[in-house]
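Have a look at the structure below, then the notes.
Read-outs throughout are calculated quantities, based only on the coordinates presented, and are distinct from any laboratory measurement. These figures come from a predicted structure and were not determined experimentally. Positions of Cβ are generated from backbone atoms using ideal geometry, with glycine treated the same way; all protein chains shown enter the neighbour counts.
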Amino acid sequence: MATDYSANELMVCQAARQLRDGEVVFVGIGLPNLACNLARRLHAPGLVLIYESGAVGAEPKRLPISIGDPSLVTNSLSVCSMFDVFSYYLQGGLIDVGFLQGAQIDRFGNLNTTVIGDYARPAVRLPGSGGACEIALLAKRTFVIAPQSKRSFPERVDFITSPGCVDGRAGPAMVVTNLGCYEFVEGEMVLTALHPGCTVEQVRENTGWEIAIAEDLKYIEPPTAEELRIIRGQDLQD
Amino acid sequence: MATDYSANELMVCQAARQLRDGEVVFVGIGLPNLACNLARRLHAPGLVLIYESGAVGAEPKRLPISIGDPSLVTNSLSVCSMFDVFSYYLQGGLIDVGFLQGAQIDRFGNLNTTVIGDYARPAVRLPGSGGACEIALLAKRTFVIAPQSKRSFPERVDFITSPGCVDGRAGPAMVVTNLGCYEFVEGEMVLTALHPGCTVEQVRENTGWEIAIAEDLKYIEPPTAEELRIIRGQDLQD
Amino acid sequence: MSKLMTMKQAIRRFVQDGDTIVIEGFTHLICFAAGHEIIRQRRRELTVCRLTPDLIYDQLIGAGCVRRLIFSWAGNPGAGPLHALRRAVEHDIPHSIELEEYSHFGMVARLTAGAAKLPFYPLRDYRGSDLPRVNPRIKTVTCPFTGEELAAVPALNPDTAIIHVQRADENGNAHVWGLLGVQKEAAFASRQVIIVAEEIVPESVIRADPNRTLIPGLVVDAVVREPFGCHPSYAQGYYDRDNDFYVRWREISQDPGKFNSYLDEWVYGVRDRAEYVARMGAACERLKAGDQYCEPVNYGY
Amino acid sequence: MSKLMTMKQAIRRFVQDGDTIVIEGFTHLICFAAGHEIIRQRRRELTVCRLTPDLIYDQLIGAGCVRRLIFSWAGNPGAGPLHALRRAVEHDIPHSIELEEYSHFGMVARLTAGAAKLPFYPLRDYRGSDLPRVNPRIKTVTCPFTGEELAAVPALNPDTAIIHVQRADENGNAHVWGLLGVQKEAAFASRQVIIVAEEIVPESVIRADPNRTLIPGLVVDAVVREPFGCHPSYAQGYYDRDNDFYVRWREISQDPGKFNSYLDEWVYGVRDRAEYVARMGAACERLKAGDQYCEPVNYGY
């Protein structure tokens, strides 16, 4: 068991462990991409990666810096239009897992990628939904990977881009941050596991509301040597 | 001017003469196909032919016997799905001219390709609409080429597959038969021209209602030698 | 994990009595081989869907497999009517069948809605036609922006789609070219998909041209290798349409005796498509496609 | 009848002050050359549409060409925010702009409706999101079959679509491979279409692979030959994405001085794309694509 690893590396490992072999994943760039590739090299060799850009079953020969990188197209199994991606794959119910990120997430699992402050005159204009709104609504499970602070974990987000536990919906299956791991119970976020070395106090200090703590609070398993080797190698051709 | 020609040949000529250079035509097999190819070789070299099957700008090297013939695909400009054909080309308003045929056409320009007799227990079950219903509604102009008899020209068709002058619509731009040529005035069919050698009497005998006759009734121009050479040659490679 | 199996296995596993199935193909790539196997396995009470039910649906109907037909144009393309269908509709021979009838656009819209898991699809169609009068599944919907009334048809989600393709890998990732019809929509709309391929190719062939993939393996349940499986329909680049057979079918289907003799000889009388092809003999050679290769494109970066 | 013209002519003729335009491309095939010419011709009061307004839209906004932005994700893909856009929205620099905002699916649906001349498109989306609260063009429609309430967005029909492609003939019949985005829908939805091609090829090249045609010439008004016209975006098979430039843009766009210097040097300071490419010099070589050709298919019969 490794002891020298970053919070990001642990987040990637924890996300990867949630993926099951054979699942179809709608994947973005960055940590989710690393998590998917990690899972494929370990317990989920049959994971199918679909990029929002339309590349299905990509096997990139370099680390893509954008979801539209040409390396995702060359040698993929299929390239399809945005109409097909959203109508047939996502709305069609073929996506098992979607990854979401956000500038803010609240106690109900709502995500904000639109504005900080007022919509008409924002303090910070963020990029907007992209596919996030429909991924939240239409993927069978969603995972959120986000850095945690009081600002990024407010009680209510400034703008609901991607709905969480509203309207009787279950919300994200899991939120993974640099401090811990969260699930939703009866429509509200609950801390279920801590990063080794992190404390409930730290979590409370970095959450904008009185966060619920699971009775059987655990620690996230640290990355194995194997996991770290793969993440750090980023050797996409092996 | 030729004198030795068939009614079919004259029908093809008369239909071809209605087509304007640069128009986009939704074309079927048989006489409409011959009419389009005749027009392209004479006054409308820029005519664009789109087959219901999805072949755009086909240049078949043999006479296709079906609208899905492989010779319509090889060397065409584009092949598209049925979704594209109906959504983007036809409903999208790109089709200038559509050709229709039918077992029956009535005084209001309604066409029947569904059943003779009662729908639930028909005397004759015909193939059905195919694309005919939407071609009638969505092409900018339609031409009907049909053999004429009292049975095929009833006052009311047994079943309206493709609507004519209903709901304030203009109906077909022209109907061409083996006896004459018809247009619609105030929602009703009017004989506007006769085949050379045919009489108004013959038309009346072969029409299921009291057909209106245009005041300036004309004769259809017989095929020119050039027109006949092309039709008979069917030399699709010239 | 290969999905390869024989046609016999695929039909046994994925087509049950009472199922709703679609064997798509607009003139091109119509899987006669699958239709024949369904007849041989004597499936009954099927609801069969397709824009253009043609000879193979005429055979399914005449063989007594079909309870209901959902369609838009039922004919022998370029060669007249379908007489087995007519006998069923006009004279209840071998038994009555139900018709559920649209136009082509309506069928395309139903399958598109099915693929997209939309409950309906709006289209500008049917105004003034008698089709909505005889088909209560053609309704209207009002545009929330313009107030305009449009036609609406419900999603169609068959149990099983059978899609013939030129080449596929063992997982069902399928390359198709030439006429595409409504095959992609039918595959995505259906609960189960059988891909029947002229050739099984290594995954690398598929990956070398990902834009050519019409149907991704992730929606596919079975992959059957069946060369010449479309005859008398055609596979662009493999063999031509057997136009003579389409013309001859008129005569065969018109006469119940000839119809049954045809089934006895070419369907019940052969074990599988391979035996059918062997019986065809030299006729297959005659239909073999000539060479007209496209120019390749560069996927490099 | 050739539709070939220069970019200068095409923009002069088909992009007017106050027009609604769309320069589509999902990361791939984004026509920076057209955007630069629009800036050079100092077009004003444009409504610009696109799923992913990126660097070229940031430049249009910072240069003062834009009145309204219709979009779903505005960022520098893989490299952060668009600072010229942020200055306009947060501080009205150079002037305020209006935002009309959807999700990707909503934009795809708007353009699909536009292409199909449907007044609206239904989709399962937006329930629980604040987007409909700030955008009154997101409404609902009730399914006439199930009673289910779905989201609905109105058709989007721009005046002009500018679509970059790998190769086209003089009439605008265009082959595209790699990521396809929503280009086909944007072209069919727009009143006028400018095709910008890396290569102009004989019609016979197009006809040799008709399934590769994404956009047919019959909807095209102008064809512009513009090699390297996508840089810093990419053209699969021609040149790679200039990821370094995307990263550098963050710094350029953040500083109004650097932003203006960039425009002075690379937009106002060159006559056309050819001069831009000449100024790039050896950098172009570095991005040139390697060879990875697909296997050809047979269109014979």
For C:Arg42, inter-copy label distances in nm, listed shortest first [label point 7 Å out on the Cα-Cβ vector]: 8.6
Cα→Cβ-extended label distance, 7 Å offset, between B:Ala123 and B:Val166, nm: 2.1 nm
Average partner coverage of C:103-115, which counts Cβ from other chains inside 10 Å: 6
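Taking K and R as +1 and D and E as -1, what net charge do the other residues with C-beta under 9 Å from the C-beta of D:Arg225 add up to?
-3
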Computed [θ] at 222 nm, deg cm²/dmol, the protein assembly as shown (DSSP H ≥ 4; -39,500 (n - 2.57); rounded to nearest 500): -7500 deg cm²/dmol
Extension reserve of the D:Arg279-D:Glu98 stretch, reckoned as 0.36 nm per residue once the Cα distance is removed: 61.7 nm
Most mobile listed residue (C:Asp272, C:Asp92, C:Asp169) in chain C, GNM with C-alpha springs under 10 Å: C:Asp92
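Please state the shape class of chain C: rounded when a/c is under 1.5, otherwise prolate if a/b exceeds b/c and oblate if not, all from the C-alpha gyration tensor.
Oblate, because a/c is 1.5 or more while a/b does not exceed b/c.
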Taking chain D and dividing mean pair separation by its residue count, relative contact order in percent (alpha carbons under 8 Å, at least six apart): 21 percent
Separation between Cα centres of the stretch A:183-238 and the stretch C:39-105, rounded to whole Å: 59 Å
Dipole of the protein assembly as shown [Lys/Arg +1, Asp/Glu -1 at C-beta], most positive-end residue of D:Val141, C:Gln254, D:Gln192: D:Val141
DSSP-defined beta bridges in the protein assembly as shown - what % are antiparallel, rounded to 5: 40 percent
Cα-based shape type of the stretch C:2-67, given that a ≥ b ≥ c are square roots of the gyration tensor eigenvalues and the cut on a/c is 1.5: oblate
³J(HN,Hα) computed for each position of the stretch A:124-129 - Karplus, 6.51 cos²θ - 1.76 cosθ + 1.60, integer Hz, glycine/proline x: 9, 8, 9, x, x, 5
The stretch C:210-271 versus the stretch A:39-114: alpha-carbon centroid distance in Å: 38 Å
Simple label model, 7 Å out from Cα along Cβ direction - D:Thr6 to A:Trp209, nm: 6.1 nm
The stretch A:50-163: relative contact order as a whole-number percent, Cα under 8 Å and 6+ apart: 27 percent
The stretch C:104-154: C-alpha gyration tensor shape, a/c 1.5 cut-off, then a/b vs b/c: oblate
Identity and axial distance of the chain D residue whose Cβ lies nearest the axis relating D to C, Å: D:Pro296, 2
Cβ-vector label at 7 Å, C:Thr6, separations to other copies in nm: 7.0
Peptide C:88-94 - average C-beta neighbours from other chains (10 Å radius): 2
Mean Cα-pair separation over length for the stretch A:7-231, i.e. relative contact order, pairs under 8 Å, 6 or more apart, %: 18 percent
Stokes-Einstein D (µm²/s) once Rh is taken as the Kirkwood radius of the stretch B:36-177 over alpha-carbon pairs, at 37 °C in 0.692 mPa s: 202 µm²/s
The stretch B:148-238: GluC sites (Glu not before Pro) in DSSP loop, at most 14 other beta carbons within 10 Å: B:Glu155, B:Glu186, B:Glu210
Positive-pole candidate from B:Cys165, B:Gly117, B:Leu194, dipole of the stretch B:7-231, charges at beta carbon: B:Gly117
Kirkwood Rh and Cα Rg combined as Rg over Rh, evaluated for chain A: 0.96
Per-residue ³J(HN,Hα) for the stretch D:39-55, Karplus 6.51 cos²θ - 1.76 cosθ + 1.60, θ = phi - 60°, Hz, x for Gly and Pro: 5, 4, 7, 6, 5, 10, 6, 6, 9, 10, 10, 4, 4, 10, x, 10, 4
Chain A residue with Cβ closest to the axis mapping A onto B, distance in whole Å: A:Phe83, 5
Estimated D of the stretch B:186-238 in µm² per second, where Rh is the Kirkwood radius over Cα pairs and Stokes-Einstein applies at 4 °C, 1.567 mPa s: 96 µm²/s
Per-residue HN-Hα couplings for the stretch C:97-108 [Karplus 6.51, -1.76, 1.60; θ = phi - 60°; Hz; x = Gly/Pro]: 10, 8, 10, 10, 10, 10, 9, 3, 4, x, 5, 4
Neighbourhood net charge (12 Å Cβ-Cβ; Lys/Arg +1, Asp/Glu -1) for C:Thr47: -1
For C:Ala174, distant residues with modelled amide H under 5 Å away: C:Leu214, C:Ile215, C:Gly217
Cut-off under 5 Å, modelled amide H: who pairs with A:Thr142 long-range: A:Gly98, A:Ala173, A:Met174
Global size of the protein assembly as shown as Cα Rg and Dmax, reported in angstrom: 30.2, 103
Choice from B:Gly109, B:Gly130, B:Gly164 showing the highest fluctuation, given a GNM over chain B with Cα pairs closer than 10 Å: B:Gly130
Fluctuation leader among C:Glu170, C:Glu275, C:Glu37 - chain C, Gaussian network, Cα springs under 10 angstrom: C:Glu275
Other-copy label distances relative to D:Arg68, 7 angstrom Cα-Cβ extension, nm: 4.6
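Across peptide C:282-293, what mean number of C-beta atoms from other chains lies inside 10 Å of a residue's C-beta?
Partner Cβ neighbours, averaged per residue: 3.
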Cut-off under 5 Å, modelled amide H: who pairs with D:Gln192 long-range: D:Thr160, D:Ala161
Around B:Phe86: net Lys/Arg minus Asp/Glu count, Cβ-Cβ under 11 Å: -3
Stretchable slack from A:Thr199 to A:Ser149, in nm (0.36 nm times residue separation minus alpha-carbon distance): 16.6 nm
